[in-house]
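Structure, as structure tokens:
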Amino acid sequence: MSHPAKASEFLQDAAKAKWHDETLWFVRDKRDTISKTIPEWEELRELASQIKDNVLANLYEYLVQFEEKATANGIQVHWAKDAEEHNQIVLSILQKHQCKAIVKSKSILTEECHLNPFLENSGVEVVDTDLGERIVQFLNQPPSHIVLPAIHLKKRDISELFHEKLHTEKGNEDPAYLTHAARLHLREKFLGAKVAITGVNFGVAETGEFVVCTNEGNADMGVHLADVHIACMGIEKIIPRRKDLGVFLRLLARSATGQPITNYNSHFRSPAQGKEIHIVLVDNGRTDQLAREKFKNSLKCIRCGACMNTCPIYRRSGGYSYGSVVPGPIGSILSPGLDLKKHSSLPFASTLCGSCTDVCPVKINIHEQLYEWRQEITKAQGTNAKSISMKIANGIFAVPFAYKITGAMMRGALKILPDSITYSGLNTWGKQRDLPETPKETFKDWYKKNRS
Ligand code: SF4
């Protein structure tokens with residue numbers, strides 16, 4: 001299904017759609033307020049953008065440096081060219097440790113690689129330990145937002161779900177009560193897991209360490225209790241120096257949720273005695289995106305979600321309408337690079353207002369890339385009803401006489417045609433809008449009469 005079709009499903013529940021819109025706007029508003037408390041905010045954004053430009057220009061060198069340093073620190077480094085290889089590497093580590101149950105903190109990369117179903121099909125129990133992720137896992141759904149995975153659900157939905165899965169009191173919607181029940185449930189899982197999987201927010205080339213940011217401390221809890229830590233990292237997550245972290249950590253939490261800092265920014269440099277750390281460096285289409293000159297800087301993304309919170313389309317159509325692991329404006333420029341046919345409707349899910357570009361902490365020109373993708377997709381699609389009608393319109397607009405005659409015919413026709421024709425299924429524009437009243441005369445005629 002295309003984005004418009006899925007969006008119209010989301011809009012069936014008008015009250016929930018309105019609430020979704022307002023909730024995300026609230027987060028966007030918090031981001032604005034807190035960013036204004038940092039006088040050098042714009043300089044920080046520029047600096048972050050330049051650091052990432054440098055990373056993309058020297059990605060190979062930084063990755064090799066990271067591998068050398070991490071290996072010297074006792075971390076086992078693996079390389080995966082795609083999702084399949086990534087999943088096989090993770091499974092082989094689990095098999096080596098005869099591990100049948102793992103805990104996992106939030107990682108968009110593992111969602112992208114469909115790691116959960118892969119491991120479950122191989123007989124491994126996977127427990128997502130981020131509260132929002134656990135909620136959507138119970139529902140067998142993917143996250144609908146990269147930072148707020150269950151933002152499409154209300155307290156009532158979660159109360160009903162927890163009553164069914166965790167046997168909480170029926171009808172108790174108190175967030176503190178529900179969170180406490182989730183903590184008790186997850187603690188049991190933490191205590192039983194020999195292996196913990198995390199994502200990676202930043203890999204530091206200079207030191208070979210990596211940083212995982214969470215608000216719930218669930219990554220730390222899992223990793224410290226387990227014997228083996230597997231960290232899954234997209235190759236674009238590298239940064240050159242430890243001191244660059246200050247720039248990104250100040251931008252990340254403020255852009256994501258309007259907090260001054262993420263609650264837990266944990267650095268992993270070497271395994272504790274008797275334990276193992278593995279890091280899997282994953283390409284999965286990233287080097288292809290790097291080779292696309294117009295789109296390569298989408299790899300600067302630090303996954304803060306700010307472009308989703310501000311986007312008038314995302315807020316009003318929900319994360320699932322994108323049919324892609326990363327939804328919203330950034331997803332709409334990343335996903336066509338992975339599968340142009342499947343995701344061809346996404347670059348059109350935008351007003352091109354540029355709000356995403358304005359809030360992006362690493363200054364990705366998101367709306368310009370959406371516009372570029374539209375042109376690529378239109379070219380790739382060849383001739384269709386829209387391109388034919390645009391060609392006809394182009395011919396009419398180019399010839400003043402044709403424009404005059406067609407205008408007169410259309411004005412006359414619109415006055416007499418019944419609504420069943422003017423608002424037929426072909427007129428998708430008119431689904432929720434009325435055509436303007438037909439003017440009695442053209443502007444040209446009016447001007448001739450009134451120019452004196
Ligand atoms: S594109 Fe920019 S605003 Fe959107 S998630 Fe990435 S870093 Fe955040």
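Points to keep in mind about this one:
- Among the listed pairs LYS81/LYS106; LYS96/LYS189; LYS16/LYS294; LYS96/LYS237, those with a Cα-Cα distance over 25 Å are LYS16/LYS294; LYS96/LYS237.
- Between 0 and 90°, nearest 10: helix 59-72 axis offset from the chain longest Cα axis: 20 degrees
- Relative contact order of the chain: 21 percent, from C-alpha pairs under 8 Å at least 6 residues apart in sequence.
- Each 10 Å bin from 0 upward holds the following percent of the Cα-Cα pairs of the chain: 4, 18, 27, 24, 13, 7, 5, 2, 0, 0.
- Of all lysines in the structure, those lying under 28 Å Cα to Cα from LYS404, and not within fewer than 8 positions of it along the same chain, are LYS386, LYS391, LYS415, LYS431, LYS440, LYS444, LYS448, LYS449.
- Note on the chain: with charges restricted to the Cβ of Lys and Arg (+1) and Asp and Glu (-1), its dipole about the Cα centre is near 1600 debye.
- Largest first and in whole Å, the equivalent-ellipsoid semi-axes of segment 306-452 read 37, 18, 17, each the square root of five times a Cα gyration tensor eigenvalue.
- Sparse packing (at most 16 other Cβ atoms within 10 Å of the Cβ) combined with a DSSP loop state is found for the following trypsin sites (Lys or Arg not before Pro) in segment 74-143: LYS81, LYS100.
- Listed by chain and number, the aspartates and glutamates whose C-alpha is less than 13 Å from the C-alpha of LYS342, apart from same-chain residues fewer than 8 away, amount to an empty set.
- Applying the Karplus relation 6.51 cos²θ - 1.76 cosθ + 1.60 with θ = phi - 60° to segment 416-431 yields 3J(HN,Hα) values of 9, 5, x, 4, 4, 9, 5, 10, 6, x, 5, 8, 5, 4, x, 4 Hz, where x marks Gly and Pro.
- Here the 3J(HN,Hα) profile of segment 300-307, calculated from phi with Karplus coefficients 6.51, -1.76 and 1.60 at θ = phi - 60°, is 6, 4, 9, 6, 8, x, 4, 5 Hz, Gly and Pro shown as x.
- Mean sequence separation of contacting Cα pairs (under 8 Å, at least six apart), scaled by the length of segment 166-265, corresponds to a relative contact order of 28 percent.
- Compared with the dominant Cα axis of the chain, that is its longest principal axis, helix 366-381 is turned about 70°.
- Averaging the sequence gap over all C-alpha pairs within less than 8 Å and six or more residues apart, then dividing by the number of residues, gives segment 41-149 a relative contact order of 17 percent.
- Annotation for ASN394 and THR422: the two label points, set 7 Å from Cα along the Cα-Cβ direction, are 2.9 nm apart.
- Cα-based convex hull volume of segment 398-450 per residue, rounded to whole Å³: 107 Å³
- In the chain the longest region clear of GluC sites (Glu not before Pro) that are loop-assigned by DSSP and have at most 11 other C-beta atoms within 10 Å covers 41-292.
- For segment 38-284, the spherically averaged projection of the C-alpha convex hull amounts to 13.6 nm².
- Partnerless Cys - the chain, beta-carbon criterion under 4.7 Å: CYS99, CYS113, CYS213, CYS232, CYS301, CYS304, CYS311, CYS353, CYS360
- Based on DSSP H segments of at least four residues, each scored -39500 (n - 2.57), the chain has a per-residue ellipticity at 222 nm of -16000 deg cm²/dmol.
- GLU9-TRP79 FRET efficiency (beta carbon distance; Förster radius 60 Å; 0.05 resolution): 0.90
- Spatially, segment 351-381 and segment 93-164 are offset by 30 Å when compared through their Cα centroids.
A short reminder: the numbers here are calculations on the coordinates, not readings from a lab. Everything quoted here is computed from the prediction, not taken from an experiment. Using ideal geometry, Cβ is built from the backbone for each residue, glycine included, and neighbour counts are taken over all protein chains shown.
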